[in-house]
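Asker: Encoded as structure tokens, here's the structure I'll be asking about.
We did not get these values from a lab; they are worked out from the coordinates using the rules stated. Small disclaimer: the values here were computed from a predicted structure and weren't measured.
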Amino acid sequence: MEQSALLERVSHIQLESNPVLVEHAKERAESAQNRVADRITAFAGSMQFVYLHLLWFGCWIGFRVEGYPYGLLTMIVSLEVIFLSTFVMISQNRADAKRQVIADQQWKTVQEEDQQNDELLDLSKQILSLTKEIRSLSSTSASAPQGDHPR
């Protein structure tokens, strides 16, 4: 099946957000710096950003704001690249923080499951021990001579 057809078939399915990530996002949203950085990163990673720059560069060159080799435009674009690369790193740090939150939660879950498994193993051993005792008691009572039973 083609990937786009598969995506169309499952696009109506709402995925439940990981509660740990929801809490992490709430904590992150408390900082004004983080909110600004998130919005800039979201815009810089969009097609609207690309279209805006195509329009800007086209107008700059088309209206001959400056002559070739476009020194001012080159300087403006260079500064923009410096800032955008910083926002890319911020975005990567945010993604790393999300991955760390998920990893911490998964590790906690693994530890809880390990403890539960140990408890289940102990219970299984107790059941096995009791089963062996019941078998040994029933085999000794079956081999013991039966007395006269009143009728």
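Asker: If the viscosity is 1.002 mPa s and the temperature 20 °C, what Stokes-Einstein diffusion coefficient in µm²/s follows for segment 18-136 when Rh is the Kirkwood radius over Cα pairs?
Answerer: Approximately 109 µm²/s, per Stokes-Einstein.
Asker: What lysines could a cross-link reach from K98, if we take a straight Cα to Cα line under 18 Å and drop same-chain neighbours fewer than 8 places away?
Answerer: Correct list for K98: K26, K108.
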